[in-house]
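Everything on this sheet refers to the single structure shown next.
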Amino acid sequence: MTHFVQAGELRIAFDREGDGAPLVLMHGAEASRQMFASLVPHLSKHFTVIACDQRDCGETEGPERASTLADLANDAQLLIKALGFRRAHVFGSSFGGRVAQALALLHPRSVDHLVLGSTWPLPRPYEELCPDARRLAELRRDLPGTAEELATWFFPEAFLKQRPELRRVFANARPESARSARRAATVQTTLERGVADIVAPTLVLAGELDRVVPPSVTLAMAGRIRGADAVLLPAVGHVTAMQAPEVLAHHIVRFLHPEGAKA
């Protein structure tokens, strides 16, 4: 069931399930909290799982103006506080990983443990780190005609054979709107501070077959965050939460040690 909470200037839509230490899930650039539908049942056995929609995404309502990555980090901090928690574990996937990094940098006392999946490091831009960024932008621009090809960037071919309906997952992309334009502009923003300044205990996860963010880009982040752990997920693509939710949940639970975190 959808819940809403007022956090600053936003009316944030979120789902809450389970009991235990709070764990906030941050979705990717073109997604909503619905991308975690298959993951939440595995995590809610151990945590109070909070999956929320970011600005200009899903059911979250806010001012119709451009926002920044810092705004999204501030929103997340206000959400944690509004729900009555002093701090929370945070998992961010893809661009949600950028939001999670920003939250850990701007509000370090709000983040307990940090899990970053299929993402790229602050402050560097996506286009600088990912050699196929231009082709990916072209595929997004030419939707819905490119939906089936674009799906192969987010999901491995073997998985698409099992879930053929996902080949058209991008076919329902809405035509250009003021909301989608704002979101695209937000995704391009960054911070001055970088991933090396993160102090939260961190786990970095990358899919072996990720075409959107090369696994080498994601895994290299672990070498820049003091004490960070890194895991390469075999035969997994970009959207780990949808392709391998059980595997992803296993690594998150293992890292967060929920029994100790509940104390």
Only one of these is closer than 24 Å to Ala244 by Cβ and at pLDDT below 95: Leu139, Leu143, Leu160. Name it. Leu139
Hey, does segment 198-206 have a residue that's assigned to a helix (DSSP H, G or I) and at pLDDT 95 or above? no
Taking segment 12-57 and keeping only residues that are open to solvent by less than 20 Å² (accessible area, probe 1.4 Å), in a strand (DSSP E or B) and without any contact (Cβ under 8 Å) to a residue 40 or more places away in the chain, one is left with Thr48, Val49, Ile50, Ala51
Go over the candidates Leu203, Leu256, Leu233 one by one and state the one that is within 16 Å of the chain's Cα centre (by Cα) and hydrophobic (A, V, I, L, M, F, W, C). Leu203
Within the set of pairs 6+ apart or on separate chains, which have a first residue in segment 77-100 that is on the phi > 0 side of the Ramachandran plot, a second that is among the small types (Gly, Ala, Ser) and open to solvent by less than 10 Å² (accessible area, probe 1.4 Å), and C-beta atoms under 7 Å apart? Ser94/Gly28; Ser94/Ser118
Candidates Val236, Val253, Val231, Val212, filtered to the one that is open to solvent by less than 60 Å² (accessible area, probe 1.4 Å), in a strand (DSSP E or B) and touching a residue at least 24 places away in the same chain (Cβ under 8 Å): Val231
First in segment 123-147 and closer than 27 Å to Ala220 by Cα, second anywhere and of a type in the set (A, V, I, L, M) and in a loop (DSSP other than H, G, I, E, B), Cβ under 7 Å, 6 or more apart: Pro123/Leu191; Cys130/Val213; Leu136/Val212
Top-ranked residue of segment 107-144 - restricted to ones that are of a type in the set (Gly, Ala, Ser) and under 18 Å from the mean Cα position of the chain (by Cα), ranked as nearest to Leu78 (Cα to Cα): Ser110
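The values are calculated or read from the model by the stated rules, or taken from the named source; none is laboratory data. From a predicted model like this one, the values you see are computed outputs, not experimental measurements. Note that we place each Cβ from the backbone using ideal geometry, even for glycine, and neighbour counts take in every protein chain shown. Heads up: the accessible areas ignore ligands, DNA and RNA and are worked out on the full protein's heavy atoms, side chains in. Shrake-Rupley method; radii C 1.70, N 1.55, O 1.52, S 1.80 Å.
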